[in-house]
Amino acid sequence: MSPLKLKAVMASFAHPHANSYANCLARREDVSVCGVYDDDAQRGSAAAKKLGAAYDDNLPELLDRLKPDFAVICSENAAHRRDAEACAAAGVHALCEKPIAHTLEDARAMMAAFERAGRILSVAFPVRYSPPVARLREKVMGGEIGLPMAASCTNHGRMPPGWFLDASMSGGGAVIDHTVHVADVLRWILAADAVEVFAEVGNSLLHPGLGLDDAGLLSVKFEGGFFATIDTSWSRPKSFPTWGDVTINIFGDAGAIELDAFAQNALCSDDRAGMTVWKGWGDNMDALLIDDFVRAVRCGGPAPVPAIDGLKALEIALAAYESARRVAPVALPL
Amino acid sequence: MATIGFAGYGFMARVRRDAYAAAGGSRPSFAADTDPARRAEAEAAGMKAFASIEDMLERARPDVVDVCLPTHLHAPAVRASLEAGAHVFCEKPLCANPAEARALAALAASRGRLLLVGHILRFFPDYRTLLNSYRNGDVGAPGVARARRLTNRPPESRAWYCDDALCGGVILDLMIHDIDFALLALGAPERAFARRACDPASGLDFALATLRFKSGAMAHFEACWAANIGFRYEFELAGDRGLLHIDSASKPALKTSLYDGCSRLENPTSKSPMALQLEHFLDCVENGAEPLINADEAALAVAAADAIARSAREGKVVAIET
C-alpha cells in the first residue's frame with residue numbers, strides 16, 4: 001500500500017538551492033509539489049510549470065488554497081521571517097534555507113511563531129547529511145581522537161550573483177553566507193555553544209568595487225575551551241575546478257582527523273570547456289536532507305535541525321561582523 | 001521477493017550477507033557449505049544450511065544461487081545452479097578458464113536464466129562518474145587508460161588464495177576488476193603483454209600489463225598484492241581532447257592520524273558498492289531490470305585476464321579471441 005501523498009509548496013526560488021530541493025521532492029513518490037510562491041513572477045511561474053504546480057505571487061493565499069503539509073522556504077534571507085510567519089499562521093510545517101534569517105530578532109520571531117502553531121521549523125544545513133561529515137562526528141563523539149582540542153576549518157566559495165550582494169536582502173556578504181555551515185557542524189559535533197568570536201572581515205578584498213564583505217577569518221572559542229578558525233571567503237575564482245569546499249581539520253589529544261567533505265570527485269580536463277573541473281561522485285546531501293525532513297513531517301516531528309541551531313549559527317556570523325567593527329573579541333550570547 | 005541461497009559460506013558470503021541487509025530487499029535464507037562449522041554459523045544467522053549445493057538446489061529450490069566459493073569451484077556450482085533452473089549471482093572472476101566461461105554464459109542464455117557476475121567497479125560511484133563523463137564525450141576519442149590497484153595480501157587462513165592453480169593469482173583475482181572496467185570503456189581487446197614478479201617469501205605478487213584494443217586505444221594495468229601495502233586504486237583515461245582521473249588516496253574525504261602511529265583513509269558513502277550491486281541484481285531478477293553486466297562481458301574479462309597471465313608466463317604477445 002502506498003502512503004498518502006504529502007503536499008508541498010516551494011516558497012520562492014530566490015535562493016538557487018530551491019531548484020535542488022524541488023528536484024529532490026519531485027523524485028519522491030510520496031510527495032507532490034503542488035504549489036510555487038515567488039514574488040518574481042517570471043522565475044516563479046517558470047519553476048511551477050516545470051514542476052506541474054500552481055503559481056501564486058501571494059504566499060498566504062496559496063497556502064490557504066492548497067492547504068499543503070509543508071513548505072520549503074528559499075526566499076532572500078531578509079524575507080525568511082515574512083514567509084515563515086505565513087506558514088506558521090497557516091499551520092504548515094517548514095524547511096527554511098540557511099541562514100535562518102539575517103537578524104536574531106527575525107530568527108526569534110520565527111521560532112516563537114512555530115512554537116505557537118505547534119508545527120516543525122527545520123533549518124536546511126545539508127552539510128550535516130554528508131556521509132563523510134556524519135562519519136567525522138561519529139568518530140569524534142566515539143572518542144577516536146581523544147578529547148577534541150581545536151579545529152582549522154574552511155567553507156570557501158565563488159562569489160554568488162544577485163541579491164546575495166545586496167546587504168539589505170542578504171544581511172551581509174561572505175561571512176553571513178558561509179559561516180553558518182561549519183559553525184553548525186562544529187556545534188553539532190561538540191554539543192557545545194560558542195562563547196567568543198574574533199574575526200577579520202575584508203570588504204571588496206577579492207572583488208574590487210564589491211562594497212561588501214567577501215573575505216572572513218573567524219576565530220571561535222567554545223564552551224570547555226575548544227577553539228576553531230573558519231575561513232568563509234568567496235576566494236574561489238571562476239576558473240577554479242569547483243564551486244568551493246568544506247574542510248575541517250580537527251585535533252584531539254590522541255589524534256587528528258582531516259575532513260574534505262567534497263573530495264569525492266573525479267578530475268575532468270575538458271578542452272571544449274577550456275578548463276579542468278572536479279565532478280563530484282559523493283552522495284547528494286540535499287536528497288538526504290529532504291528525505292529526513294519528509295520523514296519528520298510524517299512522524300509529526302521533531303525538527304531534524306531545530307530552529308535554535310539555525311539561530312545559534314547565525315549568532316556566530318553576526319558576532320563576527322560585530323568583532324570586525326570593534327577590532328576585538330566579542331562574547332556570546334549576543 | 002526472490003529466495004536466495006549461498007553456495008559457500010566463507011568470508012565473501014558474510015560480506016554479502018551484510019550487504020543484502022544494507023540493500024534492504026530480499027535476503028538469503030539458505031546456505032550450502034561442506035564445512036560443518038560454517039553451516040552452524042549460517043544457521044546461527046537464521047539460514048537453513050545444507051552440506052552440498054546439490055542438496056540445497058533439490059530441497060530448497062532457491063530462485064537465486066549466490067556463488068561465494070573459491071574461484072576453482074565456481075564453474076561446477078554455476079553449472080549445477082543454472083541446470084536446476086536458478087538465476088546465479090557469482091563473485092568475480094566467473095571462472096579461471098576462458099572456454100569454460102564462454103560455455104557458462106551460453107548455458108545461462110540457453111536456459112533463459114540470469115548469470116550476473118560481481119564486477120563491482122561498475123557499482124562504485126567514482127568509476128560510474130568517470131564512465132558517464134567519458135560517454136558524455138568529455139575527453140573525446142579514448143587514447144590511453146591507466147589502471148592501478150594495490151591491496152594487502154589476503155590472509156593466509158584463506159590458503160586457496162596463495163595457490164595460483166586455485167585462484168589465478170594477482171592477475172585473475174585482482175587485476176580483473178580493472179580489466180573488466182577497461183573493456184567496458186574501450187571495447188574489444190586485440191592483444192595482451194605482461195610481466196609478473198612473485199616472491200613466495202614475502203608474499204609479493206605484482207604484475208604490469210598492457211592491452212591493445214581494436215579501436216587502437218591502449219590500456220596499462222598495475223596490480224599488487226603485498227603485506228601491509230595498504231589499499232589504493234587509480235584510474236585515468238586520456239582522450240584526444242581531455243583527461244579523466246580518479247584516485248582513492250590523493251584526496252580522501254577523511255584521513256585519521258592517531259598519535260600512536262595508526263592512520264586511516266576513508267571515503268564514506270550512504271550505500272556501499274556491494275549493497276548497490278546486490279540491489280541491482282535483485283532488481284534484474286525480481287523486476288526484469290536490464291543487467292549492467294552480462295555473462296558474455298564477464299567471460300570476455302576472463303579471456304583478457306587469461307591472455308595477460310599467459311603472456312606473463314611465456315614472455316610473448318598473446319592475441320585475445322573475442
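Every read-out reported here was derived from the displayed coordinates using simple, explicitly stated rules and does not represent laboratory data. A quick note: this is a predicted structure, and the numbers were derived from the prediction, not measured. Don't worry about glycine lacking a Cβ; one is built from the backbone with ideal geometry, like all the others, and counts go over all protein chains shown.
A few notes on this one:
- DSSP-assigned coil residues among trypsin sites (Lys or Arg not before Pro) in the range A:215-296, each with at most 10 further Cβ atoms within 10 Å: A:K238
- Seen against the Cα atoms of chain A and their longest principal axis, helix A:285-299 is set at about 50 degrees.
- Evaluated on chain A, the Kirkwood hydrodynamic radius is 20.5 Å, with distances taken between all distinct Cα atoms.
- Applied to the range A:216-221, the Karplus parametrisation 6.51 cos²θ - 1.76 cosθ + 1.60 on θ = phi - 60° returns per-residue 3J(HN,Hα) values of x, 10, 9, 10, 10, 9 Hz, with x for Gly and Pro.
- Cross-link pairs A:K7/A:K67; A:K139/B:K255; A:K49/A:K238; A:K98/A:K312; A:K7/B:K271; A:K279/B:K251 - those with Cα-Cα distance over 19 Å: A:K49/A:K238; A:K7/B:K271
- Coil-residue GluC sites (Glu not before Pro) of the range B:218-322, DSSP, other Cβ within 10 Å capped at 14: B:E321
- Shape call, the range B:121-319: gyration tensor on alpha carbons, a/c limit 1.5: rounded
- Annotation: amide H-H contacts under 5 Å for A:V330 (H modelled 1.01 Å from N, sequence separation of 5 or more, or interchain): A:V197, A:F198.
- With at most 14 neighbouring Cβ atoms within 10 Å, loop chymotrypsin sites (Phe, Trp or Tyr not before Pro) (DSSP) excluded, longest segment of chain B: B:1-230
- Taking A:S239, B:S248, B:S311 and counting other C-beta atoms within 10 Å, the order from fewest to most: A:S239, B:S248, B:S311
- Candidates B:V144, B:L282, B:P200 compared by Cα position along the dipole of the range B:121-319: farthest toward the positive end lies B:V144, with charges placed on Cβ.
- Count Lys and Arg as plus one, Asp and Glu as minus one, and take only other residues whose Cβ is under 11 Å from that of B:G242; the net charge is then -2.
- Nearest-0.05 FRET efficiency for A:R27 and A:T242, computed from C-beta distance (R0 30 Å): 0.80
- Sum of side-chain charges, A:I120 neighbourhood, beta-carbon under 14 Å (Lys, Arg +1; Asp, Glu -1): 0
- Spacing of the modelled spin labels on A:R43 and A:D292, each 7 Å from Cα toward Cβ, amounts to 2.7 nm.
- For A:S204 and B:N136, the FRET efficiency from 1/(1 + (r/R0)^6), where r spans their Cβ atoms and R0 equals 41 Å, is about 0.60.
- Mean separation of Cα contacts under 8 Å (6+ apart) over length of chain A, as relative contact order %: 18
- Between A:N58 and B:A2, the simple spin-label model (points 7 angstrom out along Cα→Cβ) gives 5.7 nm.
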